[in-house]
Amino acid sequence: MKNIKRVSPVQLKSSPLKTEQKDNWDIVMEYAGEGDGPYLVDLSHKLRLDLQNGEINAITPFGIAIPDSPGKCVLQDGLLINRMNKTQASIYNLAGQDNVDMPDATGYTDVTESALCVAIIGQQVFAICEKLTSLDFMSPDYVAPFLFQGPFSHVPCQIVTLNKTGDDSGIILTCSRGYGRDMIHAILDAGDEFNLKPAGENRFRNWITRP
Amino acid sequence: MALTITCPICGKRNGYEFRFGGEEKGPRPEEEGLTPEAWCDYVHLNKCVAGVQEEWWCHKDGCGSWFKIHRDTTTNLEKEIKTVIEEAGK
């Protein structure tokens, strides 16, 4: 019997140096010529859930309280929970713990396969974003982590800013899977002048787990 | 300055992120005794106010929510509900 093959909507042209297989995904841990940052990392294989419930404030997915107002996020134990509106939240398993699975309750939808997910991390992240969207990441009104739902390169996206201080800056961006090729092309093209390079998951893991 | 619209979920954003949903026309007419003419008028006739009117908008590039705002059609600027009430009371 053949195993299913799960294919990321993100195809990067750099040469992989180190790869791993997990849950039928081929994951690149390191690319050749990653440079000194900023980095573009494909996270499309990370478990992502959508939670919708009329009583969402009473729910604590994986023991974590959902933020009380739209746009707010919480990052705890590698799990990111973003409040989208009165009844909806998205959940990303960023640190990739193996024991995290979809809860056995109503209201959850696994959206991992339907959307692309990338991280842009390192210095000059917001200079790159500024070329692709009019969203104001640097507004003092928003304290990281926070969620924007808006256009990025004219595509409706969820963008979570995890850090907006200097070299530690980083965002997570998700949008519909079908935009994958063009979205990556647009980001790499905008980041070219800042030496944005594709990077493997090791870079992201080091960044998200830094003290 | 182009139109900006305040989404109740996402806050103030560029008007290009939104889709216009028409004038606010009040509740849907009762089905009982509704004539085709009355239904047609409800669906198709607009007031086209030259001034402040209440409108439906959808944040299509953002959170996807439908909501109402007040917009001055002569200046193409959104009006805060507080201002609209104050001006109506003058």
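Here, each number is a calculation from the coordinates, and none is a lab measurement. Not measured: the values here are computed from a predicted model. Cβ coordinates were reconstructed from backbone atoms using ideal geometry, including for glycine residues, and neighbour counts include every protein chain displayed.
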**Message:** I need A:8, A:90, A:14, A:139 ordered by Cβ neighbour count within 10 Å, fewest first.
**Reply:** A:139, A:14, A:8, A:90
**Prompt:** How large is the charge dipole for the protein assembly as shown, taken about the Cα centre, if only the Cβ atoms of Lys, Arg (+1) and Asp, Glu (-1) carry charge, to the nearest 20 debye?
**Reply:** 500
**Pairwise Cα inverse-distance average, inverted: Kirkwood Rh of the stretch A:131-192 (Å)** = 12.3
**Request:** For every other residue with a beta carbon closer than 14 angstrom to the beta carbon of residue A:190, add +1 if it is Lys or Arg and -1 if Asp or Glu, then tell me the sum.
**Result:** -3
**Request:** Going by C-beta contacts inside 10 Å, put A:106, B:4, A:112 in order with the fewest on the left.
**Result:** A:106, B:4, A:112
**Item:** Cα-based convex hull volume of chain A per residue, rounded to whole Å³
**Value:** 130
**Message:** Counting just the Cα atoms, what span does the stretch A:36-135 cover along each of its three principal axes? Round to the nearest Å and put the largest first.
**Reply:** 42, 30, 24
**the stretch B:4-88 - percent relative contact order, Cα under 8 Å, separation 6 or more** = 29
**Fill in**
When B:66, B:57 are arranged by how many other beta-carbons sit within 10 Å of their Cβ, fewest first, they go B:66, B:57
**Message:** On a full-extension model of 0.36 nm per residue, what is the gain between residue A:32 and residue A:57, subtracting their alpha-carbon distance, rounded to one decimal in nm?
**Reply:** 4.5 nm
**Message:** Restricting the calculation to Cα positions, tell me the Rg (one decimal) and the Dmax (whole number) of the stretch A:78-134 in Å.
**Reply:** 14.7, 42
**Asked** If the limit is 23 Å between Cα atoms, which of A:2/A:197; B:25/B:79; A:131/A:164; A:5/B:60; A:86/B:68 go over it?
**Response** A:2/A:197; A:5/B:60
**Principal axis dimensions, largest first and in whole angstrom, of the stretch A:45-97 by Cα** = 28, 18, 17
**Asked** Over its Cα atoms, what ratio of radius of gyration to 2.2 N^0.38 Å does the stretch B:4-88 give?
**Response** 1.24
**Request:** For the stretch A:10-61 and the stretch A:139-211, write down the distance between their C-alpha centroids in whole Å.
**Result:** 12
**Asked** Add -39500 (n - 2.57) for each DSSP H run of 4 or more in the protein assembly as shown, then divide by its residues: what number comes out at 222 nm, to the nearest 500 deg cm²/dmol?
**Response** -4000 deg cm²/dmol
**Prompt:** In chain A, which Cys residues have no partner Cys with a Cβ closer than 4.7 Å?
**Reply:** A:73, A:117, A:129
